[in-house]
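Please treat every number below as a calculation from the coordinates, not as lab data. It should be emphasised that the depicted structure is a prediction, and the values quoted were computed from it without experimental measurement. Every residue, glycine among them, receives a Cβ derived from its backbone with ideal geometry; neighbour counts consider all protein chains shown.
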Amino acid sequence: MLKLILENESDTLKLGAAISNVIQEMGDINIEVHLSGDLGAGKTTLVRGTLQNFGWKNLVTSPSYALCEEYEIENRLFLHIDLYRINSLEDIDILNLDRSTKKQKIIFIEWPENLQTKRPSDLIINLAHDNQRRRASLDTKNNQFKSSIKVNYENI
């Protein structure tokens, strides 16, 4: 498990950028990232950092009410899901997360503990408040993914 202290919003954006660099290094495979942790701990900020590093110039908002925000950037489809208010399997099925697409699909799921069913994830990130800072814990079965995130984060 990789543990980081994020001093401020800039560090959270930086972690998102590091994750986007690693996604680019991995090629065209689909990626699923599960984001859990405290309310207001920076889950959407991390996704914003990832999207901005891919070149997204527009607003990135929390999908709390829409449940899913979609972003298309070149040959990639990003799905940013917020399951905080989800309480049935039908609500999740409507999101059609497993739809096929010719684009690389990158899924960020906030509050994955509300999924109702098991979904495989490539990266699990937990963000927690730590006074004015945030603690980020990253876990993955892919050790190359974990070490690449650390190296990218330290070099941004």
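Structure data summary
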| read-out | value |
| --- | --- |
| Gyration tensor verdict on region 1-93 (Cα atoms; rounded if a/c is under 1.5, prolate if a/b is larger than b/c, oblate otherwise) | oblate |
| Integer Hz, Karplus 6.51/-1.76/1.60 couplings in order for region 8-14, x for Gly and Pro | 7, 4, 4, 5, 5, 4, 5 |
| Ellipticity estimate at 222 nm from DSSP helix runs (n ≥ 4, -39,500 (n - 2.57)) divided over the chain, nearest 500 | -9000 deg cm²/dmol |
| Greater than 24 Å apart at Cα, pairs in K43/K146; K57/K141; K43/K150; K118/K150; K57/K118; K103/K150 | K57/K141; K118/K150; K57/K118; K103/K150 |
| Protection proxy ranking, peptides 110-120, 32-42, 13-23, average beta carbon neighbours within 10 Å, highest first | 13-23, 32-42, 110-120 |
| Residues C68 and D130, FRET efficiency given R0 of 41 Å [Cβ-Cβ distance, rounded to 0.05] | 0.90 |
| Spin-label pair T101/L59, simplified geometry with 7 Å Cα→Cβ offset, distance in nm | 2.1 nm |
